[in-house]
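*Asks:* Below is the structure I would like to discuss, written out as structure tokens.
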Amino acid sequence: MSDVVLVFSTAPAAPGDDTAEQLARTLIDERLAACVNIHAPMVSIYRWKGSVERDSERQLVIKTTRGLVPALEKRLRELHPYEVPEFIVIAVSGGSEKYLGWVEASCS
């Protein structure tokens, strides 16, 4: 089992909103992540405070290590405009040893 994990989050995707890129750049600059993929805008439909909402968002896929998850979550909450940002951690059970090694080295 690898120490690498994927963290999923979302960010607003309104025209001109660069929140996703700002989040990604900060996480990389602070070495809390090796790579952040920012997906194209998508529609999210969800229940929030008793109402069904519809928003345009971008999915973030953050590659990091298990040991950095608490610091990453804390920093994401500090930076994120949402009251409750998505933060889902997925364990990586395998993959290219070179790639996984690069992720680990990039986060240290």
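The values are calculated or read from the model by the stated rules, or taken from the named source; none is laboratory data. Source: prediction; values computed, not measured. Please note: Cβ atoms are built from the backbone with ideal geometry, for glycine as well, and neighbour counts cover all protein chains shown. When the accessible area is computed, the model is the full protein with side chains, heavy atoms only, and any ligands, DNA or RNA have been set aside. Shrake-Rupley method; radii C 1.70, N 1.55, O 1.52, S 1.80 Å.
Every residue, every condition in (1) touching a Lys or Arg at 6+ places or on another chain (Cβ under 7 Å); (2) without any contact (Cβ under 8 Å) to a residue 60 or more places away in the chain, yes or no:
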{"residue": "S2", "(1), (2)": "no, no"}
{"residue": "V5", "(1), (2)": "yes, no"}
{"residue": "A13", "(1), (2)": "yes, yes"}
{"residue": "D18", "(1), (2)": "no, yes"}
{"residue": "L23", "(1), (2)": "no, yes"}
{"residue": "C35", "(1), (2)": "yes, no"}
{"residue": "R47", "(1), (2)": "no, yes"}
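*Asks:* Across region 82-104, which residue is surrounded by the most Cβ atoms within 10 Å (Cβ to Cβ) among those that are without any contact (Cβ under 8 Å) to a residue 40 or more places away in the chain and part of a helix (DSSP H, G or I)?
*Replies:* Among those that are without any contact (Cβ under 8 Å) to a residue 40 or more places away in the chain and part of a helix (DSSP H, G or I), it is Y99.
*Asks:* Within region 34-47, restricting attention to residues that are over 13 Å from the mean Cα position of the chain (by Cα) and open to solvent by less than 90 Å² (accessible area, probe 1.4 Å), which residue is nearest to S106 (Cα to Cα)?
*Replies:* A40
*Asks:* Would you confirm whether or not region 1-10 contains a residue that is surrounded by 13 or more Cβ atoms within 10 Å (Cβ to Cβ), among the aromatic types (F, W, Y), under 13 Å from the mean Cα position of the chain (by Cα) and assigned to a strand (DSSP E or B)?
*Replies:* Within region 1-10 (the criterion being surrounded by 13 or more Cβ atoms within 10 Å (Cβ to Cβ), among the aromatic types (F, W, Y), under 13 Å from the mean Cα position of the chain (by Cα) and assigned to a strand (DSSP E or B)), the answer is yes, since at least one residue qualifies.
*Asks:* Follow-up question, since we're still on this one. Return the total of residues in region 46-90 being in contact with a helix residue (DSSP H, G or I) (Cβ under 8 Å, 6 or more places away or on another chain) and either farther than 20 Å from E21 by Cβ or of a type in the set (A, V, I, L, M, F, W, C) (or both).
*Replies:* 8
*Asks:* What residue, of L72, L76, L60, is within 16 Å of the chain's Cα centre (by Cα), in a strand (DSSP E or B), aliphatic (A, V, I, L, M) and modelled with pLDDT of 95 or more?
*Replies:* On the way: L72 fails: in a strand (DSSP E or B); L76 fails: in a strand (DSSP E or B).
Selected residue: L60, the only one of L72, L76, L60 that is within 16 Å of the chain's Cα centre (by Cα), in a strand (DSSP E or B), aliphatic (A, V, I, L, M) and modelled with pLDDT of 95 or more.
*Asks:* Would you mind telling me which numbered condition in (1) surrounded by 10 or more Cβ atoms within 10 Å (Cβ to Cβ); (2) assigned to a strand (DSSP E or B); (3) among the charged types (D, E, K, R) R54 fails?
*Replies:* R54 satisfies all of (1) surrounded by 10 or more Cβ atoms within 10 Å (Cβ to Cβ); (2) assigned to a strand (DSSP E or B); (3) among the charged types (D, E, K, R) except (1).
*Asks:* Give region 11-33 a look and list any residue that's closer than 20 Å to E78 by Cβ, open to solvent by less than 60 Å² (accessible area, probe 1.4 Å) and not β-branched (V, I, T), or say none.
*Replies:* Within region 11-33, A11, P12, D17, A20, L23, A24, L27, L32, A33 qualify.
*Asks:* A follow-up question, please. Report every pair of residues separated by at least 6 positions or lying on different chains whose Cβ atoms are under 7 Å apart, first residue within region 58-75 and at negative phi, second among the acidic types (D, E).
*Replies:* From residues that are at negative phi, the pairs are T65/D3; T65/E104; R66/D3; G67/D3; R75/E30.
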